[in-house]
Amino acid sequence: MLTTPCPCGTGQTYDACCGPLLANLTQAASPEQLMRSRYTAFVTGDADHLFRTWHPRTRPDDVRPDPATRWTGLRILAAEGDTVEFVAQWERSQWEGGEMHEVSRFEQRAGRWVYVDAE
Ligand SMILES: [Zn+2]
């Protein structure tokens with residue numbers, strides 16, 4: 001990773017973007033930043049980051065991303081208040097793929113943004 005472009009698509013390097021969040025060195029300053037870092041965690045298979053940033057009330061027992069699914073792109077459509085609307089592209093093979101369109105809800109817990117659920 002390091003100086004490679006961040007998977008979340010900001011155009012910044014991984015180290016200047018989601019890297020410090022996934023390494024748990026900094027906290028997301030906004031729901032959009034957290035959403036981007038969670039997308040990157042899906043790309044890199046970082047279950048620790050997903051666990052850490054998921055509200056305990058809605059968090060499934062197993063947060064490991066499905067290794068058969070490759071996430072290939074993220075577009076943020078809107079970020080207002082505590083919600084982020086986005087489209088994430090995925091593929092499972094050269095024949096199977098699609099887009100996931102979601103409005104995610106976030107909540108601040110002890111000063112940290114966490115993912116709650118999708119509207
Ligand atoms: Zn990023």
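The values are calculated or read from the model by the stated rules, or taken from the named source; none is laboratory data. Bear in mind the structure is a predicted one, so any value in this text is a computation, not a measurement. All Cβ positions, glycine included, derive from the backbone under ideal geometry; neighbour counts span all protein chains shown.
Restricted to segment 1-36, and to residues there that are within 16 Å of GLY73 (Cβ to Cβ) and loosely packed, with under 13 Cβ neighbours inside 10 Å, the residue that is farthest from the ligand (Cβ to nearest atom) is THR4. Inside segment 18-46, residues that are hydroxyl-bearing (Ser, Thr, Tyr) and under 12 Å from the mean Cα position of the chain (by Cα) make up a count of 4.
Residues are listed down the side, and each one gets a yes or a no for (1) farther than 23 Å from GLU96 by Cβ; (2) touching a residue at least 60 places away in the same chain (Cβ under 8 Å); (3) of a type outside the set (Val, Ile, Thr):
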{"position": "GLY9", "(1), (2), (3)": "no, yes, yes"}
{"position": "ALA28", "(1), (2), (3)": "yes, yes, yes"}
{"position": "LEU34", "(1), (2), (3)": "yes, yes, yes"}
{"position": "THR58", "(1), (2), (3)": "yes, no, no"}
{"position": "ASP62", "(1), (2), (3)": "no, no, yes"}
{"position": "PRO65", "(1), (2), (3)": "no, no, yes"}
{"position": "ALA79", "(1), (2), (3)": "yes, no, yes"}
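Of the residues that sit in segment 37-74 and are away from the ligand (no atom under 14 Å from the Cβ) and β-branched (Val, Ile, Thr), which one is farthest from VAL84 (Cα to Cα)? Among residues in segment 37-74 that are away from the ligand (no atom under 14 Å from the Cβ) and β-branched (Val, Ile, Thr), the one farthest from VAL84 (Cα to Cα) is THR69. For segment 2-10, indicate whether the set of residues that are within 16 Å of VAL114 (Cβ to Cβ) and touching a Phe, Trp or Tyr at 6+ places or on another chain (Cβ under 6 Å) is non-empty. No, the conditions are met nowhere in segment 2-10. The helices (runs of 4 or more DSSP H) found entirely in segment 1-105 include none that carry 1 or more residues being of a type in the set (Ser, Thr, Tyr) and at pLDDT below 95. Given the criterion touching a helix residue (DSSP H, G or I) at 6+ places or on another chain (Cβ under 8 Å) and within 21 Å of PRO5 (Cβ to Cβ), identify the matching residue among ALA29, ALA88. The conditions single out ALA88.
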